[in-house]
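See below for the structure under consideration.
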Amino acid sequence: MSDSNELPLLKSARREAVGALLIWLLVTTYSVSYCCAYGYNRDPQTLTFILGFPDWIFWGIVVPWGASTVISAVFAFCFMKDEDLDS
Amino acid sequence: MLIAVAEIPSPGYSVLAALLIFIAASVWLGAMAQKAMEKQDFMQGFFLGNRGLGAWTLALTATVQSGGTFMGFPSLVYSFGWIVAVWIGSYMVVPLTGFAIVGKRLAQLSRQTNAVTVPDLLRERFGDSRVGLLASLMIMFFLSFTMFAQFKAGATIMKHAWPGSGIMALSEDYDAAPAKDGASKVDGTATKSFLKTWFPLDPKYYMGLAIFSITVVGYTLIGGFMASVWTDLFQSVMMVIGVMLLVCLAVPMAGGMEQASKAAITATSTDIAFGPGYSTAGREFLTPGLALSMFFVWVFAGFASPASMVRVMAAQNTEVMRKSIVLLSCYNCLIYIPLIMTCIAARSLLEPLGKQSDEVIPRMALLVTKDFPMQTGPFVSGLIMAAPFGAIMASVSCFVLVIASGLVEDIYAKFINRNATEAQLRRATTISMVAVGVIGVLANLNPPEYLQALVVLSGSAGAATFIAPVMMACYWRRATATGALAGMLGGFMVYFGIYSCGWAQNWATANSGLDLAKQILAILGPDPKIGASGLFRPYYILGVDPIIWGLLASVVGGVGVSLLSRPPSPELVKRFFEIRTSPKAVGNG
């Protein structure tokens, strides 16, 4: 394999694919773990609400959803690189 | 106090008027698209919009939902409660994974190969026509199930839009009873018997099917890819307006979100606020294993769906993809969580809908707009209800186009008439699209009961089949054509094999008195009572969705067979992975 001759777009696309997969892995690990820990087999009397959402939905889904939107924007504007598709 | 169905105002002519506006707008967009693509190369223009998709068109059409998202998804929230937020949770990263994992590279490969379709791209990339042919046949197989179900959904909405026809459920068991009770034998005459046999449903359904099919095939035929994309964009914008309007009216009407949740608990049980979800049938809708599976299903089905890949191939440039990630992330935020809030509010406002849970959004639209001044309520609710219809039209349009492009580009132009002229390609395209439309109509004259379940199955099967070969095509020099074939077949066969075990288990559970059923249950075990109920539920190995095993098989098959087979030619690798040093070095693969 001759890395020096590799297409520039291929290098940046591979780097971005790895970055996106890592973010997916992080989000999946956090959301599924949090929701399973606090949303299943729980005493209903302990349920509280945050901004109208059940607490475990708020911290397990709503907050990471907002964070993912911000992270996606940062990823798209700061990490991803523009390349010539016809190269 | 819960509001009875009878107290919700009738939609009158408002839904029908809104649908007609949608149809007129779609035909107009088709005509505009035709003007936009005039004087361009036919195949590139008609099937790929001349690779000119901008950020808005790419973001709101590439990985966005079909009509089922706005009928089936709300029904799940209404039925099972807050746990459905976990079920759909992975959509928070779908925009990023949808474009950043293979988007850029696919768009580059499609330009390098001048590919118009995904099979076209795979054939050139692996330098083997068998890869293209298998991919084409599989795409047509998967998309056909999905497309036929959408025909049925479109016709059903048209039927329910007629005043006095109810609201517009997509329930699988509508109106079919008269056909099954032997009515044709009672009628006596041969003509009536013939009609009852071939047209057993309400005549309004057939009228809806005819109008829907002619409209969608018509405007797609006129405007091609761009017509499909522009109508998709149009419905996506209408959809977000409708959803925002609904949530802003529904939540205050329920006394706020916390009050809505508490009222929903009172109306059902505490299960509606926790996992695995509320159920009256003793099933666990989303166990932790299935919750984990859904974070694979949506993410991988999103970027590996053939319809999505084609749109990514049509992106104008990489800047457009970056902007699309941001636009789609914001769009998803404005759609899914508000839809969940609206459906939880519905639990606290409406009397139980039972089997008509598909009607939750139409009923809420009518309820929240009933006090609008100057009789504008019915029209606004009509527009909200027409949005899913627009989504269905856009989906069918896209599927008709992808299937027709497969028939024309991957089969006709590659195997039947290699030297086809533009006129011949145009004629083949028209014939293919009309044929697809006619088959769609014929398949829905007496639609199978469980078509909606087959849609889910074929979507996930598509992901299990294509992810590994597409990833290998994009990033792995050592990937071979035999490996790609093994990856496709491995994912497909394992996925369908596991599903088949589920069908056998369901059959055996329903016929547990038979010896064969007892033997099957002795091998497969009893129904674990997890996931949604239904004849087409899969077999859950270790409690996870079959897509995970299908993906694993596809990766192992693709990588393993590639390593065992002869490496690809250096010319092929150089063409797709290395900088061109001289124009003469570029071959045709």
Given pairs A:Lys11/B:Lys104; B:Lys35/B:Lys152; B:Lys355/B:Lys529; B:Lys159/B:Lys370; B:Lys152/B:Lys204 and cut-off 21 Å on Cα-Cα distance, the over-length ones are B:Lys35/B:Lys152; B:Lys159/B:Lys370
Before anything else, pin down the relative contact order of chain A: Cα pairs under 8 Å, at least 6 apart, normalised by residue count, whole percent. 42 percent
Residues with amide H under 5 Å of B:Glu578's amide H, sequence separation 5 or more or different chain, H placed in the peptide plane at 1.01 Å from N; which? A:Leu7
7 Å from Cα along Cα→Cβ at both B:Phe415 and B:Ala522: what's the point-to-point distance in nm? 4.5 nm
Sorted by average packing, counted as other Cβ atoms within 10 angstrom per residue and highest first, what order do B:358-370, B:266-278, B:496-508 take? B:358-370, B:266-278, B:496-508
For B:Val237 and B:Ala281 in the same chain, what is the full-extension length gain: residue separation times 0.36 nm, less their Cα-Cα distance, in nm? 12.1 nm
How shielded is B:286-298 by partner chains, expressed as the average number of their Cβ atoms within 10 Å of its Cβ atoms? 3
Against the longest principal axis of chain A, how steep is helix A:63-74, in degrees 0 to 90 to the nearest 10, with axes from Cα atoms? 20 degrees
Could you give each residue of the range B:89-94 its phi-based ³J(HN,Hα) in whole Hz, using Karplus coefficients 6.51, -1.76, 1.60 with θ = phi - 60°, and x for Gly or Pro? x, 5, 5, 5, 10, 4
Taking amide H positions as placed 1.01 Å from N in the peptide plane, with prolines and chain starts having none, which residues 5 or more places from B:Leu350, or on another chain, fall under 5 Å of its amide H? B:Ile3
What nm value, rounded to one decimal, do you get for the distance between B:Leu564 and A:Leu25 when each label is placed 7 Å out toward the C-beta? 2.8 nm
Projected label distance in nm at B:Phe577 and A:Thr48, using a 7 Å step from Cα toward the beta-carbon: 5.5 nm
Taking amide H positions as placed in the peptide plane 1.01 Å from N, state which residues far from B:Glu284 in sequence (5 or more) or on other chains have amide H under 5 Å from it. B:Ile530, B:Gly531
Return the loop-located trypsin sites (Lys or Arg not before Pro) in the range B:372-444 (DSSP other than H, G, I, E, B) with at most 13 other Cβ atoms within 10 Å of their own Cβ; answer none if there are none. B:Arg418
In degrees, nearest 10, the alpha-carbon axis of helix A:8-39 is tilted away from the dominant principal axis of the alpha carbons of chain A by 10 degrees
Quick check: Cα centre of the range B:356-404 to Cα centre of the range B:273-340, how many Å? 21 Å
Residue by residue through the range B:516-521, which ³J(HN,Hα) values in whole Hz follow from phi under the Karplus form 6.51 cos²θ - 1.76 cosθ + 1.60 (θ = phi - 60°), with glycine and proline marked x? 4, 4, 5, 5, 4, 5
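Bear in mind that the values in this text are calculations on the coordinates, not laboratory data. Computed from a predicted model, the values in this text were never measured in an experiment. In this analysis, Cβ positions are derived from the backbone assuming ideal geometry, glycine residues included, and neighbour counts consider all displayed protein chains.
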